[in-house]
Amino acid sequence: MRRSRAGVVLAALLASVACMEASPPPARSILFVIPKVSANRWPSDDVVAVGDLDADGRSDLVVCDLPRQLPSGETVVAVAHSSRDGKRLFECASVTHGSFDWWRQPYAAGDIDADGAPDIAIGGGVAKSPIGAGEVLVFSGRDGRLPLALSGPEAGDAFGRDVAAAGDLDGDGLGDLLVSAGGSSSTARELAEFGAAFALTGRDGSRIWELRGTVPGEELGSDLCALPDVDGDGTNDALVGASGREREGRALLVSGRDGHVIREYASLADDRNFGTYVDVLSDQDGDGSVDLLIQSLDRARLHSGASGALLRVVDGVGWTEIVAIGDADGDGLPEFVGCAHRHPTVGPIEYHALTACLLSGVDGRELAAREFGDGGPPSCPVLVGDVDGDGLGDLALSTRERVYFVSSRRFFFD
């Protein structure tokens, strides 16, 4: 997953909508804009909300621009920005790490050094030999220094495909990490075919436990997230997707203490790539426990976190993430915003155009929709809190050349 969870963040898949030529958000809805140093052709996961970095009560953003060299010899792989006004807070740079040219993605790492500031993880890979070599860099959320650099157990294992803050799993008072590997490498065949998920200490990256796929091609760790303790042992647990290639897929509820599988969620009939996205939801059924959302290419399923019971199935969905922004229509329930991906071809270049949709918190029906972009493929929305003070959570929308901060109310209703 995706992905950092600022506020109540749900990963879900939305119904397809008609594709139109993309355009920037409406001018009245734009609160401020962060230009990117280098245009990123595929910015779908290059922005994340990581928590309050500047102690202003708002969750701030980290943007992964294309890596660039500083005169000091350091490579800048990400920049932290205030969600109040877009001001640059600090850069995440390293002399010996971060020359990512295959993939790079920011994640919320939690507070791994117990200094009171949320830290920042960057997962990235290098397309040089060995193909698919990956690493996870963890930067301080206080000043951008690099206290921890992690590499995978095998060359070419695509380590760092997904990263999530796990909370304190080993009882040392420091935040720990969940990291997945595999699914893309052609060198480390075992991890590429089976996939793996690791729980690592925030202290030094030592392994707490590991979970490896058991079926060739299942890609265990296609997405993962941490969730509050559901098995009663006092330790946070984890949800791990295994979406597979050309197979049904599955998801595993895993003990955060030792990595044993608490419960398995199997795909339904005709579920393609079940487990592509997983996320934790607030309590949906009133039993006092968080609930789980697991997606395939065809549907999203809501399960009870306590019992595993299937609560709801939403059919006919497509790739995206959705975020809860608050009650937009006065019915007492929060509405959601998500983006429906389309794949038109313009000349020789295929790109992802998106339509942002406002969905009812009651029944999921579409209340409003608007396309956005700036000539390149925009990404899914990131919730940044109520920047303009109108009672709804506002959004960061990333495109290839800039990040727009927009008022949710004005974006959909003006």
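The values are calculated or read from the model by the stated rules, or taken from the named source; none is laboratory data. Everything numeric in this text was worked out from a predicted model, so none of it was measured. Methodologically, a virtual Cβ is constructed for each residue, glycine included, from the backbone with ideal geometry; neighbour enumeration extends over all protein chains shown. Ligands, DNA and RNA are stripped out before the accessible areas are found, and what is left, the full protein with its side chains, is counted by its heavy atoms. Shrake-Rupley method; radii C 1.70, N 1.55, O 1.52, S 1.80 Å.
Listing for the model above:
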| item | result |
| --- | --- |
| Flag for residue 259 being in contact (Cβ under 8 Å) with a residue 40 or more places away in the chain and touching a Ser or Thr at 6+ places or on another chain (Cβ under 6 Å) | no |
| Qualifying position, being modelled with pLDDT of 95 or more and not in a strand (DSSP E or B), among 177, 169, 146, 191 | 169 |
| One residue from 309, 324, 328, 340 being among the small types (Gly, Ala, Ser), modelled with pLDDT of 75 or more and either within 18 Å of the chain's Cα centre (by Cα) or under 14 Å from residue 277 (Cβ atoms) (or both) | 324 |
| Lone unmet requirement of (1) of a type in the set (A, V, I, L, M, F, W, C); (2) touching a His at 6+ places or on another chain (Cβ under 8 Å); (3) at pLDDT below 85 for residue 61 | (3) |
| Index of the failed condition, residue 379 passing every other in (1) assigned to a loop (DSSP other than H, G, I, E, B); (2) at pLDDT below 80; (3) farther than 28 Å from residue 86 by Cβ | (3) |
| Pairs, first of a type in the set (D, E, K, R) in the range 135-147, second in a loop (DSSP other than H, G, I, E, B) and modelled with pLDDT under 90, C-beta under 7 Å, six or more apart | 135/97; 135/159; 135/160 |
| Hits in the range 219-240 (condition: under 17 Å from residue 263 (Cβ atoms) and free of Cβ contacts under 8 Å to residues at least 60 places away in the same chain) | 220, 229, 231, 232, 233, 237, 239 |
| Candidate set: the range 396-414, residues that are within 18 Å of residue 329 (Cα to Cα) and not small (Gly, Ala, Ser); chosen: the one surrounded by the fewest Cβ atoms within 10 Å (Cβ to Cβ) | 414 |
| Checklist (1) under 20 Å from the mean Cα position of the chain (by Cα); (2) modelled with pLDDT of 80 or more; (3) surrounded by fewer than 19 Cβ atoms within 10 Å (Cβ to Cβ) applied to residue 80, failing item | (3) |
| Whichever residue in the range 224-250 is surrounded by 18 or more Cβ atoms within 10 Å (Cβ to Cβ) and farther than 30 Å from residue 173 by Cβ and, among such residues, is modelled with the lowest pLDDT | 247 |
| Filter result (buried (at least 20 other Cβ atoms within 10 Å of the Cβ) and either over 18 Å from residue 178 (Cβ atoms) or at pLDDT below 90 (or both)) within the range 107-131 | 123, 124, 125 |
| The lone exception for residue 270 - which of (1) part of a loop (DSSP other than H, G, I, E, B); (2) open to solvent by less than 50 Å² (accessible area, probe 1.4 Å) it fails | (2) |
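A quick yes/no check of all residues on (1) at pLDDT 90 or above; (2) more than 22 Å from the chain's Cα centre (by Cα); (3) under 24 Å from residue 235 (Cβ atoms):
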site: 257; (1), (2), (3): yes, yes, yes
site: 261; (1), (2), (3): yes, yes, yes
site: 270; (1), (2), (3): no, yes, no
site: 273; (1), (2), (3): no, no, no
site: 283; (1), (2), (3): no, no, yes
site: 286; (1), (2), (3): no, yes, no
site: 291; (1), (2), (3): no, no, yes
site: 294; (1), (2), (3): no, no, yes
